[in-house]
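The values are calculated or read from the model by the stated rules, or taken from the named source; none is laboratory data. As the structure is a computational prediction, the values presented were derived from the model and not from experiment. Because the Cβ atoms are built from the backbone with ideal geometry, glycine has one as well, and the counts that use them run over all protein chains shown.
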Amino acid sequence: MNTKFAPDQVDKIFYNCVEDCFEPIMLTDKKGHLTYVNPAWVLTYGYSKEEALDKTPRLLRSTQQDEKFYKSMWQTILDPSIGFWRGEVTNQAKDGHMVPVLLTITPYRQPSGQIVGYMGIAVDLSDQKKMEQQILQQDRLASIGMLAGGLAHEIGNPLGVIRGRAELVLNQVRGQEVAEKNIEVIIGQIDRISGLIQSLLRVSRVPDKILLRQVFLNQALEEVLVLLREPCHRIGIEIKLHQINQVIFAEPSHLQQLFLNILINAMHAIEEKKSKSASSDELNFIEVSSQVLSGKRCAIAIRDSGCGISAENRHKIFQPFFTTKAAGKGTGLGLAVVSKLVEEMSAKISVESQGPGTGATFTIEFDTP
């Protein structure tokens, strides 16, 4: 049986459908001023209806698209032979985070056919993009794994021979200061290459099934800080520990390497900021704190006063070989190794920074007893 609705009922049904739609929907008048946004639009972009109405969709524009892009978009919409536009756009929410969407823009008309405004319907692609990045990361790691496996065999063995012969020569030139220093430099560079290969293997391998056990957080940190106190003191960095008397589930050696890599990264960030700063009185610090979360979780925050991280780079810092350091200053594997260690211990890691010059905070969440 067909059910017919009165015109006012139809209008109400369509309004309710748009209001209840999970996809962000916006309407503008002919001049491009927003006349309506649905609750999903408000939730996605963070602007209230009051903040959005009478504005233009420009308030969502990010630097991911230029004016040429939008000019081409509107040429397509206004082309009578096409009459709409559909494509991917990266918008910017009120809090600054990027929102990739599949956007469709169509004119809406009076019964006479005259255009009175435009409707935009967006499909949030954030989850899809994250999945694509994960797949891309897995493919990249698989390639690195093949490379690392080959390097470990083809280069690792000759390096071992070279290092052994270098140690023999070193023993033969004891007392010859210049020769000793030169041989020690050779051995140091051999060890650096070996360490790089091991880092590649660590980043690329399939996670081991490790046994997590109860670890005292303060004990693990103190063992790492023994290695760092002297270099931190030398370059004027104060390390502060707060509320770290906590027990977490972790693998002790993994945990120590994780802390060591993040703390060294923080030291380098502070040194970089100091090299660019004219002030010598600035307080340089690394602060480590812990907080008990709900659901038997513990968050460990490592905050530094270093050079900070741009919004663009925050999404890249855990990728293998990504580094902002000058050539020869870093391999781009330190934080990639951190990411792998976190994965192996079933933990989570995130990073926050307000931008260059503002420092950064790494937060790692672990399970607790």
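Laid out as a table, the results:
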read-out	value
Condition broken by residue 35, with the remaining ones in (1) in contact (Cβ under 8 Å) with a residue 40 or more places away in the chain; (2) farther than 22 Å from residue 115 by Cβ satisfied	(2)
Residue check, residue 245 out of contact with any Asp or Glu (no Cβ under 9 Å at 6 or more places or on another chain), on the phi < 0 side of the Ramachandran plot and loosely packed, with under 12 Cβ neighbours inside 10 Å	yes
Flag if residue 90 is touching a residue at least 60 places away in the same chain (Cβ under 8 Å) and of a type in the set (S, T, N, Q)	no
Residue count, the stretch 185-222 (criterion: within 28 Å of the chain's Cα centre (by Cα), surrounded by 14 or more Cβ atoms within 10 Å (Cβ to Cβ), in a helix (DSSP H, G or I) and at pLDDT 85 or above)	4
Long-range neighbours under 7 Å by Cβ, at least six apart or interchain, first residue assigned to a strand (DSSP E or B) and buried (at least 16 other Cβ atoms within 10 Å of the Cβ) within the stretch 289-305, second aromatic (Phe, Trp, Tyr) and at pLDDT below 90	none
